[in-house]
1. Quick one: which residue in 135, 96 is at pLDDT 90 or above and part of a loop (DSSP other than H, G, I, E, B)?
2. Looking at 165, 152, 141 in this structure, which one is assigned to a helix (DSSP H, G or I) and surrounded by fewer than 16 Cβ atoms within 10 Å (Cβ to Cβ)?
3. It is to be established whether one or more residues within the stretch 69-86 are modelled with pLDDT of 75 or more, in a helix (DSSP H, G or I) and under 18 Å from the mean Cα position of the chain (by Cα).
4. Can you find even one residue in the stretch 111-123 that is without any contact (Cβ under 8 Å) to a residue 12 or more places away in the chain and over 20 Å from residue 69 (Cα atoms)?
5. Would you call residue 45 touching a residue at least 24 places away in the same chain (Cβ under 8 Å), over 17 Å from the mean Cα position of the chain (by Cα) and surrounded by fewer than 17 Cβ atoms within 10 Å (Cβ to Cβ)?
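The values are calculated or read from the model by the stated rules, or taken from the named source; none is laboratory data. The structure presented is a predicted model; accordingly, all values stated were derived computationally and were not measured. Here Cβ is always computed from backbone atoms with ideal geometry, including for glycine, and neighbour counts include all displayed protein chains.
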């Protein structure tokens, strides 16, 4: 069993760590998350052996660990966990990226995530967003714009997109 875990470590550690680093941007937290990922790998080695797609299974562990990290971080900072989108709401988005988009939006800082959910997904105007969040109109515009920029940075760091001549996303591949 130790050899199998060592093989998984040797084959996937750098790839997974790179993925986590692009999202977290903090070396110490990245190391903690990677340690937690491989503790989960050790505890779930029997399930992993039965998995038909090892890489997909490992990325699921990483995503769940990132969500746990985010929850812990928000709670330790005396922040509330904001309203997030339901899976159905993402389905109205581009089907090629909708399953990935939820992960990236959920990883944004709370104020940008909330602004994007209300304005971009639920269609709330930026004036209405300002009223809902009790901030100025220019503050709402700024949050939406910064949220878009942060989301774009995350997506471009992780994935390569193929567009048609109209700019619509036709395909996406992991970098």
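1. Details: 96 fails: at pLDDT 90 or above.
Answer to the check: 135.
2. Going through 165, 152, 141 in turn, the sole match is 152.
3. So the first thing to find is which residues in the stretch 69-86 are modelled with pLDDT of 75 or more, and the list is 69.
With the extra rule that they be in a helix (DSSP H, G or I), the set shrinks to 69.
This time we only want the ones that are under 18 Å from the mean Cα position of the chain (by Cα), so: 69.
Checked the stretch 69-86: at least one residue is modelled with pLDDT of 75 or more, in a helix (DSSP H, G or I) and under 18 Å from the mean Cα position of the chain (by Cα).
4. Taking every residue of the stretch 111-123 in turn, at least one turns out to be without any contact (Cβ under 8 Å) to a residue 12 or more places away in the chain and over 20 Å from residue 69 (Cα atoms).
5. Answer is yes for this residue.
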